[in-house]
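Undergrad: Once you've had a glance at the structure underneath, I'll fire off some questions.
Since every read-out is calculated from the coordinates, none of them should be taken as a lab result. Note that this is a predicted model, so its numbers are computed, not measured. So basically every Cβ, Gly included, is an ideal-geometry build from the backbone, and we count neighbours across all protein chains shown.
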Amino acid sequence: MEKEKLLHEIEKLLSFDGNDTTINPDYLEFFTVEELESIRRELERKYKNMVEENLDWMQQFKK
């Protein structure tokens, strides 16, 4: 996967709260594809955990 696409995916994950996040593309020269993929995976994991925690919290009001 190309770096620019990974950067865009990372920006989307960082913008989960509705606020746009822009990362300067000049930083791409400092990261390998593997590093960017690792960052994306970690953000996806954190986002998934946050969603699950919110669902658990919301279940208490369902009763």
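Undergrad: Hey, can you tell me all the residues within the stretch 36-63 that are surrounded by 10 or more Cβ atoms within 10 Å (Cβ to Cβ) and either outside any helix (DSSP H, G or I) or in contact with a helix residue (DSSP H, G or I) (Cβ under 9 Å, 6 or more places away or on another chain) (or both)?
TA: Taking the stretch 36-63 first, the residues surrounded by 10 or more Cβ atoms within 10 Å (Cβ to Cβ) are 36-54.
L36, E37, I39, R40, L43, E44, K46, Y47 - these are the residues of the stretch 36-63 that are surrounded by 10 or more Cβ atoms within 10 Å (Cβ to Cβ) and either outside any helix (DSSP H, G or I) or in contact with a helix residue (DSSP H, G or I) (Cβ under 9 Å, 6 or more places away or on another chain) (or both).
Undergrad: Filter the stretch 13-35 down to the residues that are under 18 Å from M1 (Cβ atoms) and in a helix (DSSP H, G or I) and list them by number.
TA: Pass one, the stretch 13-35, residues under 18 Å from M1 (Cβ atoms): 13-14, 23, 25, 27-35.
If the condition is that a residue be under 18 Å from M1 (Cβ atoms) and in a helix (DSSP H, G or I), then L13, L14, P25, Y27, L28, E29, F30, V33, E34, E35 are the ones that fit.
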